[in-house]
Structures are given as structure tokens and as C-alpha cells.
There are 10 protein chains.
Amino acid sequence: MLFHVRMDVSPPHDLDPQRRAELVRAEKDRALELQKMGVWLHLWQVVGQYGSISVFDVPTHDELHAFLSSLPLWEFTRVEVTPLATHPSDVAAQP
Amino acid sequence: MLFHVRMDVSPPHDLDPQRRAELVRAEKDRALELQKMGVWLHLWQVVGQYGSISVFDVPTHDELHAFLSSLPLWEFTRVEVTPLATHPSDVAAQP
Amino acid sequence: MLFHVRMDVSPPHDLDPQRRAELVRAEKDRALELQKMGVWLHLWQVVGQYGSISVFDVPTHDELHAFLSSLPLWEFTRVEVTPLATHPSDVAAQP
Amino acid sequence: MLFHVRMDVSPPHDLDPQRRAELVRAEKDRALELQKMGVWLHLWQVVGQYGSISVFDVPTHDELHAFLSSLPLWEFTRVEVTPLATHPSDVAAQP
Amino acid sequence: MLFHVRMDVSPPHDLDPQRRAELVRAEKDRALELQKMGVWLHLWQVVGQYGSISVFDVPTHDELHAFLSSLPLWEFTRVEVTPLATHPSDVAAQP
Amino acid sequence: MLFHVRMDVSPPHDLDPQRRAELVRAEKDRALELQKMGVWLHLWQVVGQYGSISVFDVPTHDELHAFLSSLPLWEFTRVEVTPLATHPSDVAAQP
Amino acid sequence: MLFHVRMDVSPPHDLDPQRRAELVRAEKDRALELQKMGVWLHLWQVVGQYGSISVFDVPTHDELHAFLSSLPLWEFTRVEVTPLATHPSDVAAQP
Amino acid sequence: MLFHVRMDVSPPHDLDPQRRAELVRAEKDRALELQKMGVWLHLWQVVGQYGSISVFDVPTHDELHAFLSSLPLWEFTRVEVTPLATHPSDVAAQP
Amino acid sequence: MLFHVRMDVSPPHDLDPQRRAELVRAEKDRALELQKMGVWLHLWQVVGQYGSISVFDVPTHDELHAFLSSLPLWEFTRVEVTPLATHPSDVAAQP
Amino acid sequence: MLFHVRMDVSPPHDLDPQRRAELVRAEKDRALELQKMGVWLHLWQVVGQYGSISVFDVPTHDELHAFLSSLPLWEFTRVEVTPLATHPSDVAAQP
């Protein structure tokens, strides 16, 4: 099942720089892992912002919440989830 | 170049029903056409709303505006365009 | 899977009164039907408003969208869907 | 009497980690207690966020305020309360 | 139990003037009646607007919704209800 | 002259606890004093929030500002003032 | 006593043009009259908008509401009133 | 003096189509005229919307308001004006 | 040329109290100076808030920006500037 | 391709003053460099604010994101990007 996910990251400016670098590296590792698992279908950069737009494909809400809250920067991220359905004009959904 | 496009459609309730049906049919035809051209990459339904989330792949802003404003229901659609870039954690962008 | 659904209804004031009465009656019939099917788990009135807060239990986004957009007053309803997961402090989810 | 309660928690990032862990544990204990008392009817996780949606059943406003402000994380929680009434299409309210 | 109620009235400009006058008169009659019943405790005009701020004293949410939705102009009124509790610094609540 | 006053208090979490307790106590003393003076007519708790809704009766804007800014927690309080007039449907204002 | 008043006018586009012209003329007459009475101290045009920013000097809220609601275009005007006090840095208020 | 101007046009859908076409044509003529006069420095299309972003160079506020309110579609246009100054990092403003 | 200026001041609560007192004093001195120069025409207190509404009369945007950003508390002030023009109903602008 | 860019800068007040001065100087250097490269077409100061409005001319979204996120103050800047197209009434675009 598909979910549109908007993430806006704002680490506090007085976060220890080494801790911050570790979190950023761990976030990237986790993102790559979830993409390889086929859970995180699309991941785009919002131009000019420390933010992203993603599409996740996850069978249940509990799993989606587990994936999102497992992100190392989650504590500093505003997350907005929008459930997606098949669009009647989607070319792949035509009979 | 990729663009995230949010569309919310609200045809006036006193639109002639036949005119409305024609516009909806034409909108679908145009959407299928743009998808077949490779311009309209993704098209999802926002659950519960008369609205969609899309990703377009278009080389210039002039062409994107021409495509969007050519949609038969454009007059009744609120459109929000967000430019997308390659995300540093996108698995397809790793060296 | 659970979804929180906020609905705000605003039929246009110049809608034919008989048509309006029919839509309201049909909306109620459909709501009762979906509740009996076990799809529409909770339905509450927002005090003072022509609006409701509901919880739906539906296996897929496509089905949820089909249910919501099948409501006779859907054309005049602003719908906001929020996916719900199990809360770690939910008494029913304790080991 | 039923109340819809939206809670969004944002503990300051520089809160002492041990203090934070204690507050989170105490919050869970209090939530379980209020659920067992029959006061906190429903408790759901908002997917992707450190937030919840609940329904409380409390006879008076003073008691509801006492319950909510007794939550250990209350100081760091944005709370929005919406009073709920019986919906005319609620299947349980039909004659 | 006390409720703070904000009401903003906006009758459509093309409402039949005689119908409008009747609704305004009936709204006033109903407001006076509810005040005499002791249900509508306070009623103030918001300066410069077609709007009011009120405090209701009603034992249940179902009754409050019944009172508010019985107002003749309700269809054209945006209503916002906020539950009120005893304030710890209220002079009348001191021991 | 009547004024509707919404106050939302948010003391910084790293305020010295003793200083905070003193401010809260002083705020209560000042609130009781202004109520006894007949200046602060009504004071209600907003359920679930560190916030209040009040009605003040003060002859001039300068005095109202002096009263509000004299509150010990004023520095940490968002204040919204709305001037109130006699409502034409107020039962006490009927001829 | 001084009040800051923001007015945004939006007459419906299908208002009879002659009726509209009459209302605009009457609004101007009333504005001039209130200025001559010393009630309407300042009246400025918001550049690019059908809107104004004003300062009124009126002894009571009831009178201010009466003046504002007597404006011929009031029905089509969004009005926002902000009470003003003497500023401690106002050069005219220095001892 | 420079002004940033955001314009969002929304002609009512039931405007007579011939009247609408005339207004659109007249709006274009006026825009070209003001550009040739050197008053309207930049005019860009907001992609996907019936809206524009402009920069005007006009000596006084009265003249700017006169230019903007002379636009044939002004009645159907939301206009937001932001005054611009020389930026300290503007390459043209370096000594 | 006239400009409407809304200022909301929020010095951080952990600012050194002596530094804060100095800034407040310097802000007042600068405000008095600009009023005496005829640049700062009106300065009013927003009742209940640490905020003001002003009207400036300045020939250019560069000068207005220089004046506003020279205010000692500017770093802690949200500033909103609205250009004002002569209103057609201003009594002083009648022929 | 043209992009409208709104930037609002808010460095934390407890940033080391020397570090802040360095960042401001480096930001200016980078801005001048990008203007000389022909990438940053226009740069205006928003009057009264620590903010700017710019137009960039960049061939791809990846390059625009790289430029914007290379700004030394980017971490403390809210950035909003709007894609611009040729306006049909732009005098330079007439046949």
C-alpha cells in the first residue's frame, strides 16, 4: 500500500557536530537499506530545503510507523503522511 | 527535470452536468496521453479527496506550464508545483 | 487497518431542497450500511458543526477511497484522512 | 461524555536523557491506568509522528482537565480537545 | 458544564431579503429563549463583525449540539466550541 | 468596557524551577487581586491546555494594557484581545 | 479610545452594477461624515487591494460597532479590530 | 522604487465568456503598455497557476495603486505588494 | 511616502538582563529620535502584546529599511511592512 | 530556467558573534560569486526583514539545490522555491 511522506529535518543548531555527522550518516544508511528492501519506493530532494518527498510501499500502518520512527534523525523531523490510492486516470490501471 | 505536482479539483456545483462529464472524460484522455508521452511519470489518488499527487518529468518550465494549463479541468483546479532534485540518499544515485 | 477521517459538509445554500433532503437520507443509509459491514467503526458528531469524526477499518487504500467517494454528499464534503497505528501505551496492545 | 483529544509531544532535545526516559515510562503508566479506569476509551498512534489521537469518556470538564494535565509529558504536549456528540447516522443510536 | 462558543454568521448575499429578515428575527427569539432557560449564559457582540462570543451551560454534548443546530441561521454560521473548566485562579473557586 | 482575552502560557522548559514556582504563585495573586477589583470579570481554564479565556471590564485601553502587562508570566504569554459590544439578542439588553 | 481597523471589501461579482455604484457612493459619504465628526481619525488605502487601514477614536465599543456596521458596504467587508494603547516610546507621551 | 507584486487571478466561472475574453485581452494590452512605459519591470508566470510574479518600478504608492487597480481583471485578482530595497550583497550595489 | 509597520518583539528569555535593559533603553531613544525627525509619524501599543503598529513617512525603500534595521531590538523583532496610498474617501484628499 | 527564491534568515541569537560575522561575510562573497557567474539574476532586500527575494537562472534542479545549499547561512535560512515560466503578456515574449 502506498503512502506519500513529506519530511522536513531541522536538527538543533547546538547539536554536537560529531553527533550530528553520525546521525546524518546513519540516516543515509537506513534510507539505503529501506530502499533495497523495496519499502521506500521513491526519495526526492525538495529543492532549496533540508527536506524530502517520498513514496513508501508498506503493507500495514504499524510497519510504516516502525520504519519512519526508526530513522536516526526522526526526533528532529516533521513527518506528514498521506495515503495514496490508484488514480482512475493512471495509465497502468487501465483495463 | 522532475516536478512534484499537487492538484485539488473543485468544479462548481452548478456546472452543467453534461459539460462536467465531458470535461472529466477529456481530462482523463489528456492525462493518459501525457503519461504515454513520458511526461507525466506518476499519478496517485489522494485518498478521500478529489485530488491527486503527481510527478512530472519535463525539460523546461514553459513546457510544464503548457501541459498543466492544457488540462480540461485546469480552470477548476488548484495546482501547487514543487521542484525536485536528486536526493543524496537515493539508492539509484549512489556511486 | 485503521484510518481517522474528519468530514466537514457544506452543501451549497441554493441546492434544490428536495434534492438536498434525498442526499441527506441517502448519506445516512450508506453510513448505516458501511457500519453494519464493519468498515466504519466509529462515527461521532462534532458539537456545533455539520461535521463528523470517524474511524474506518479497511484493508486497502483503494477500498477506503471507494467507500468515501461513494458517499452521496461527498461532492460537498471536505475529507481529511490520517492513518492510525497501534499506540505503544494502548492497554489492548500490552503483552 | 465523549471528547476527541489530539496530542503532539515535543520534548526539548536538550532534556536530560534519564529524565526523559523516566517521563516516557511514567506517561505510559498513567495512560494504562486511565484506560483501565474506563476514562481513556481509545488511544491511537498518528503514523510517522510523535503524536496520538484519543477519545476520552469523562463526566465533567474539570475532571478531563485534571486527567490531561496530570500526564507526565503534559508540559511538552500540545493538546487539542473537541467535544463529541451522538451522530444521527450512528448505527448504535438508531431507534 | 461550560462551553465557549464563537459564531460567525455569513448569510449568502442572494438570499431572499424577506427570508433573511425572518431568519434573523427567529434567531433572536431563539437566543432570548435559550438565555431565559439558563442555557445560554453570556452573549457578546464581536466589535465590527457579524459574529458573537458566548458561554453556554449545558449538561451534555448532545444537548449543546441540539441547541446550536436549532438556531435558525445555523446553516450560515461557522461555530467553534471550546470546553471550559474551573481555573485555579478563579476567585470564586478559592477555598 | 468589555474585552475578551485569550492567554496561552508557555514558560521555557529550562526556567529555574524555583523562579517558575514564584512566578506562578505571583500570577495567581495578581489574578485574584484584579478579580476582587472588579476588573477581571470572568476567568476560565481552556480544557487540556495551559491557557485561559477571560473577560475584562476596564474603562480604557491604557489601563487594560497596564493590567495585562503587569502579570508576572506576561513575558511567556501569548495574549489576544478582542473588544466586545452589547449583542442585540442579549436578554439583558432588551427594552 | 483608539482602535486599529483593517477592512477588506469584496462585493459579489454578480451584484447589480447600479446597486453597487450606489453602495460605493453611500460608503464614501458615510466615511466623510464620520471623519468630519472626529470619529474616523485616519483612513489609508492598502496599495493594490480593495482594502483600507484606519484608526478610529470612539469612547465605547457599542459606538464603534454601531459606526462600523452602519457602513453601506459592511455586509461585503471583512473587518478586524485591534485596540490600541499609548506606546511608552511615543514622543507625545513623554513627560 | 521597486515593488514585488504577486497576482492570483480567479474570474468567476459563470462570467459571460465573451466578457471574459475581452477582459483577458484588455489586461494583456494594459500589461504591455505599462511594460513599455518602464513601470512594469518584470512579469513572470507562476508555473501551473493562473498567477504571476512581477516587479514594478514606480515613484509613489499612489501611482502604483492607480496602475494596479487600472488592470481590467483587478476585480478578480488577489494582489500582494512587498516593498523591495537594495540588498547589501547585490553585485550592482558594490562600491 | 507612507508605510504601515507592524512590529512584534520577542527577546529570548535567556538574554542577559542588563543587555536586555540596555537594548530596550536604546530602542526607545532611537524611536524618539526618528519621531522627532518626522520619519516615524505614528506609534501605537497593541493592547496586551509586546508589539506595536506604526506609520512611517520615508521617501525611499532603502531609507525605510535602514531605519527599521537600525532599531536596537531589530534582531528580535518580526516586522511586516504594508505600503499605504491615499484613500479616495480620505477627507483630506477631497477636491 | 528561472526560479523565484524567497529566503528568510534567522541565525540563533546565541551563535558566537565572531562565527556569525564570518558566516555573513562568506554569504556575501558567495552571493557575489553566483551573481558574477550569471546564475543569480536578481537579488532584492525585503524591506524591514532579514530576508530577500531572488531570481535564479539555472539549467537543472540539482544545480539549483547545490547552489542554494552551498550558502554559508543556509542552515539558518528558510528557502521557498517557485518555478517561473514565460508570461503570455511579457513584452519580451511578443512575436
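Miscellaneous remarks
- Computed helical MRE - 222 nm, the protein assembly as shown, DSSP H runs ≥ 4 contributing -39500 (n - 2.57), nearest 500: -10000 deg cm²/dmol
- Taking the centroid of alpha carbons for each part, the range F:48-95 and the range B:1-51 are 49 Å apart.
- For the range F:31-42, 3J(HN,Hα) per residue [Karplus equation, 6.51 cos²θ - 1.76 cosθ + 1.60, θ = phi - 60°, Hz, x = Gly/Pro]: 5, 4, 4, 5, 5, 5, 6, x, 8, 9, 6, 9
- Relative contact order (%) - chain F, alpha-carbon pairs under 8 angstrom, separation at least six: 46
- The aspartates and glutamates within cross-link reach of J:LYS28, meaning a Cα-to-Cα straight distance under 16 Å and a gap of 8 or more places when in the same chain, are H:ASP90, J:ASP8, J:GLU75.
- Label reach from A:SER70 (point 7 Å along Cα→C-beta): in the range A:25-45, amide nitrogens under 12 Å belong to A:30-40.
- Antiparallel content of DSSP bridges confined to the range J:2-86, in %, to 5: 100
- Take the accessible area of J alone and of A alone, subtract that of the pair with a 1.4 Å probe, and the total buried over both chains is about 800 Å².
- Residue by residue along C:53-64, Cβ atoms of other protein chains within 10 Å of the local Cβ number 4 on average.
- With a simple spin-label model that places each label point 7 Å from the Cα along the Cα-to-Cβ direction, the separation between E:ALA21 and H:HIS13 comes to 3.5 nm.
- The residues of the protein assembly as shown present an accessible area of 44 Å² per residue when probed at 1.4 Å with all protein chains retained.
- The residue list G:VAL47, G:VAL79, G:LEU68 was ranked by how far each Cα lies along the charge dipole of the range G:1-93 toward its positive end, using unit charges on Cβ atoms, and G:VAL47 comes out on top.
- Cα-Cα separations in the range G:2-85 greater than 15 Å, expressed as whole percent: 58
- Sulfur and carbon atoms: percent of accessible area, the protein assembly as shown [1.4 Å]: 53
- Charge dipole of the range A:1-64 (Cα centre as origin; +1 on each Lys and Arg Cβ, -1 on each Asp and Glu Cβ, all else neutral): 200 debye, rounded to the nearest 20.
- Shielding of peptide D:3-16 by partners, expressed as the average count of other chain Cβ atoms within 10 Å per residue Cβ, is 3.
- Taking the Kirkwood radius as Rh and the Cα radius of gyration as Rg, the protein assembly as shown has a ratio of Rg/Rh equal to 0.94.
The values are calculated or read from the model by the stated rules, or taken from the named source; none is laboratory data. All figures in this text were calculated on a predicted structure; none of them were measured in a lab. Glycine also receives a Cβ, built like all others from the backbone with ideal geometry; neighbour counts cover every protein chain displayed. When the accessible area is computed, the model is the full protein with side chains, heavy atoms only, and any ligands, DNA or RNA have been set aside. Shrake-Rupley method; radii C 1.70, N 1.55, O 1.52, S 1.80 Å.
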